[in-house]
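Single-structure report; data block below.
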Amino acid sequence: MHISYDYTELLGELKSELLHGNLNINSNIRIVRENTPVFGDYKPILDWYYHDDIINEDNELINVTRAVDEMESVNSII
C-alpha cells in the first residue's frame, strides 16, 4: 500500500509552537480532517489550530501528543 499524505509541514508548525511555548504536550488542539477516508477508514489531518477565537466545535479536539504521534506514524509509512 502506498500512502501519499505527508505531514512534514504540519508537524513542523506544531513542533515550532511547542518549542516557543505556545503549546505544551498536555495541550489540546482542534484538527480539521478530510471528509472522505483516503485508505481504510482513515481521514487525514488537513490542518490544526488552537486559537480560541476560531474554535469550531465540529472539528476534533485532540491532545498534542496524540496528534504528533499520529502524524509521525503516517509519515513513517510513506
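The values are calculated or read from the model by the stated rules, or taken from the named source; none is laboratory data. Computed from a predicted model, the values in this text were never measured in an experiment. As a convention, Cβ positions derive from the backbone with ideal geometry for all residues, glycine included, and neighbour counts pool all protein chains shown. Remember, those area values only see protein heavy atoms, side chains included, never the ligands or the DNA or RNA. Shrake-Rupley method; radii C 1.70, N 1.55, O 1.52, S 1.80 Å.
Where residues in segment 64-78 are open to solvent by less than 70 Å² (accessible area, probe 1.4 Å) and either at pLDDT below 90 or hydrophobic (A, V, I, L, M, F, W, C) (or both), which of them is nearest to Glu17 (Cα to Cα)?
The extreme case among them is Val64.
Looking only at residues that are closer than 20 Å to Asn75 by Cα and touching a helix residue (DSSP H, G or I) at 6+ places or on another chain (Cβ under 8 Å) in segment 14-28, which one is least open to solvent (accessible area, probe 1.4 Å)?
Leu14
List every residue pair whose Cβ atoms sit under 9 Å apart, with the two residues 6 or more apart in sequence or on different chains, where the first one lies in segment 7-28 and is without any contact (Cβ under 8 Å) to a residue 24 or more places away in the chain and the second, anywhere, is open to solvent by 50 Å² or more (accessible area, probe 1.4 Å) and of a type in the set (S, T, N, Q).
Listed pairs, sorted by first residue: Ser16/Asn22.
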